[in-house]
């Protein structure tokens with residue numbers, strides 16, 4: 001199937017589908033799993049199979065080809081897109097945050113619109129308040145950069161399924 005692309009390409013970038021209302025370069029999303037009926041669909045191996053549950057992605061390219069969802073799970077037609085994996089990185093309070101720790105995420109309240117780390121403090125695309133996470137890697141202390149004077153660290157994390 002031509003949609004799969006060259007297998008020697010970067011495994012963190014691949015072709016899949018997005019509804020036309022979301023098929024825009026720069027659109028970010030987290031794949032939260034597929035419906036059981038998707039496995040029987042003719043498009044499963046391009047539409048759902050490459051996507052990892054709880055992984056964040058960004059649309060990097062939008063192709064011209066469109067398809068209707070055979071199961072009518074999507075209101076809009078699906079558009080062929082090229083996506084890349086996003087690093088799941090957020091700001092967490094420094095106290096009690098260590099590699100391997102499991103925690104419940106709560107975003108930081110930030111009114112410093114000009115802060116270079118605001119996206120990591122308020123990320124609602126990659127993670128929502130109350131979701132369970134496991135700290136994969138400690139990236140660095142960003143406390144000196146925080147305009148709100150919070151004691152924060154940047155971490156890479158994995159979402160944990162309830």
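The values are calculated or read from the model by the stated rules, or taken from the named source; none is laboratory data. This is a predicted model, so every value here is computed, not measured. All Cβ positions, glycine included, derive from the backbone under ideal geometry; neighbour counts span all protein chains shown.
Those residues that are surrounded by fewer than 12 Cβ atoms within 10 Å (Cβ to Cβ) and assigned to a loop (DSSP other than H, G, I, E, B), I need them from the stretch 15-43; list them, please. Break it down stepwise before answering.
Initial filter on the stretch 15-43 (surrounded by fewer than 12 Cβ atoms within 10 Å (Cβ to Cβ)): 25-26, 32, 35-37, 39-40, 42.
Matches in the stretch 15-43: 25, 26, 32, 35, 42.
Filter the stretch 95-105 for residues that are surrounded by fewer than 14 Cβ atoms within 10 Å (Cβ to Cβ) and either out of contact with any strand residue (DSSP E or B) (no Cβ under 9 Å at 6 or more places or on another chain) or assigned to a strand (DSSP E or B) (or both) and give the result.
Across the stretch 95-105, the qualifying residues are 95, 102, 104.
Would you confirm, using the coordinates I've provided, whether residue 58 is modelled with pLDDT of 90 or more and either in the same structural domain as residue 132 (by TED's automatic domain parsing) or within 15 Å of the chain's Cα centre (by Cα) (or both)?
yes
Those residues that are free of Cβ contacts under 8 Å to residues at least 60 places away in the same chain and under 21 Å from residue 24 (Cβ atoms), I need them from the stretch 66-97; list them, please.
Matches in the stretch 66-97: 66, 67, 68, 69, 73, 74, 75, 76, 77, 86.
Of the residues 46, 90, which single one is surrounded by 14 or more Cβ atoms within 10 Å (Cβ to Cβ) and farther than 29 Å from residue 146 by Cα?
Just one listed residue meets the conditions, 46.
Suppose the filter is farther than 30 Å from residue 15 by Cα, modelled with pLDDT of 90 or more and more than 16 Å from the chain's Cα centre (by Cα); does residue 77 pass it?
no
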